[in-house]
Structures are given as structure tokens and as C-alpha cells.
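Beneath this line is the structure, given in C-alpha cells, with notes to follow.
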């Protein structure tokens, strides 16, 4: 997949409607770009997301992915005009969960940069990312109770794992919005920044991560997410010999490391 160069926001030809993709060095930005609908995800956008992520996963030039929204809003959820059709696809076999799983299984770090509304399916996408960094004026809600929808099983379990059962019940039972301070307090987001400082922090963090050992990051993601057994852990340890040698040499020589491992 071609990725436009320069600052986040550019869109290459051929990318699915509703998304733009750009790169600045090793950091790629995937932007939900439907601002007239507050970046609500249409059925076609949910279906397109795994196909957008797949080539990025294989692109060795991409080391970190930032997921964000256009026009000062992260994502207002699934498009209500298509919600019945999405529900008919089933609980954990439907297009929203398939898209969510593709994001969860993306093998490189993913940071959700959250401005404005992060509601319903927007929270579903944000929770599928590794880290969530929000503007202080962001608003969050999980709203299936307003529509008579049963939230997907895997998504509910992920929410509970992130914020705990009581906080998850409050979000699901009330369907009320919470502010960024509340979201930080319950662990729904990892950091909250003033709106003007958000991008600087997210892209600074992404560049830092891009400069670390990509083997360490990939192994850590597998282990933390529970996808590595003892045999896989031993494989990672064996694979890390060259990385360790370079890391130690760089430390002793007082220079930046040039880690050889790529994915």
C-alpha cells in the first residue's frame, strides 16, 4: 500500500472512502475521515479496516501506528442509519468485531489519539489500540443501552479487563458520557493532555517507540496480550541475541543503537 509522505492527514489513491493514511518516517497515521458524520463508521468502513491494516503490518518502514479522527473528533461510533444491518451480522462474528480484532492483532504498537467524541464503536476501536492518549476536552460513552443492542462479548470482556467490572457496568448501564478526567481515573485512557499539547505528546511518544528495539516491542505485545506460550517466549529470547549485542555495544560506546531486527 502506498502511504503519502509528510504530515498526518494526506490520502493516497486507492484507500477506502472514510480513511486517510500518511506517514512521517517510521510513524504512520490512519485517520478516520468522515467529519460531516463526526467520523461515524459506516458498514463499508468497518469492512475495509482489516484490509487497510494488513499491508501496514507487513511494511517494515512502519514501526508505530497512530489511529485518530479528522475534524477534532475521534469517532462517534457506528453509523446509526446502518446499525440494524451491523447487528444482523451477529455478535462476535460481525464486521465491527472483525475490524476490532484486526486492530488488536496488528503486530506493531498502536496509539489512539483521541479528540472530541469517542462514543460507542469509537470506544470499541480505541480499546483495541495498545495505548490511548486523549485531549482534556474529549468525551467518552458506550451507548448500546440507548439503542437496545447487546454489546459484543469480546468487546465487553476487553472493557472489563481495562476498567474493571463496576466501571464497565456504569458505562454500559447508563450509556452516559464521561469526561477525560473520569476516563483517566478509571483507566479507560492512559494519559490526558491539553488539546494544544496532544499531537506533540503522541507523535513524540511514537517516535520514541519507533527508536526502541522492534523485537522487544513485538515480544512485549505478544506476552502482555497473552498470545505467547513458553515455547514462543523461548523463541523470542533466542531471537534477541543480536539485538542485545547491539544494545550493549551502543550503551558502552555512548551512541544511539541501530537494532537489526525488523518486522
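FYI, it's all coordinate maths here, none of it is from the lab. This structure is a prediction, so every number in the text was calculated from the model and none was measured. Backbone-built Cβ (ideal geometry, glycine too); neighbour counts: all protein chains shown.
Quick notes on this structure:
- Mean sequence separation of contacting Cα pairs (under 8 Å, at least six apart), scaled by the length of the stretch 31-172, corresponds to a relative contact order of 24 percent.
- With an a/c value of 1.5 or above and a/b larger than b/c for the gyration tensor axes a ≥ b ≥ c computed over the alpha-carbon atoms, the stretch 214-253 is described as prolate.
- Additional length obtainable on full extension of the chain from residue 54 to residue 197, 0.36 nm per residue less Cα span: 48.4 nm
- Most mobile of 112, 241, 61 in a GNM of the chain (Cα contacts under 10 Å): 241
- Were the residues from residue 24 through residue 238 laid out at 0.36 nm apart, the gain over their Cα-Cα distance would be 73.8 nm.
- Computed from Cα positions, the angle between helix 95-104 and the longest principal axis of the chain comes to roughly 30 degrees.
- At an R0 of 25 angstrom, the distance between the Cβ atoms of residue 225 and residue 36 translates into a FRET efficiency of 0.10.
- Per-pair calculated FRET efficiency, R0 = 41 Å: residue 136 and residue 250 via Cβ, rounded to 0.05: 0.65
- Dividing the helix sum by the residues of the chain, where each DSSP H run of 4 or more adds -39500 (n - 2.57), gives a mean residue ellipticity at 222 nm of -13000 deg cm²/dmol.
- Take every Cα pair under 8 Å whose residues are at least 6 apart in sequence, average their separation, divide by the length of the chain, and the relative contact order is 15 percent.
- Computed FRET value (nearest 0.05) for residue 216 with residue 101, which takes r as the C-beta separation and R₀ as 22 Å: 0.35
- Inter-part distance, the stretch 47-74 to the stretch 92-129, computed on C-alpha centroids, equals 11 Å.
- Rounded to 10°, Cα long-axis angle of helix 241-253 versus longest principal axis of the chain: 70
- Per residue convex hull volume, Cα atoms of the chain, in Å³: 134
- Most tightly packed first, judged by the mean number of other beta-carbon atoms within 10 Å of their residues, the peptides 138-147, 161-170 read 138-147, 161-170.
- Shape class of the stretch 51-162 from the Cα gyration tensor (axes a ≥ b ≥ c, square roots of the eigenvalues): oblate, since a/c reaches 1.5 or more and a/b does not exceed b/c.
- Rounded to the nearest 10 degrees, the inclination of helix 230-239 to the longest alpha-carbon principal axis of the chain is 50 degrees.
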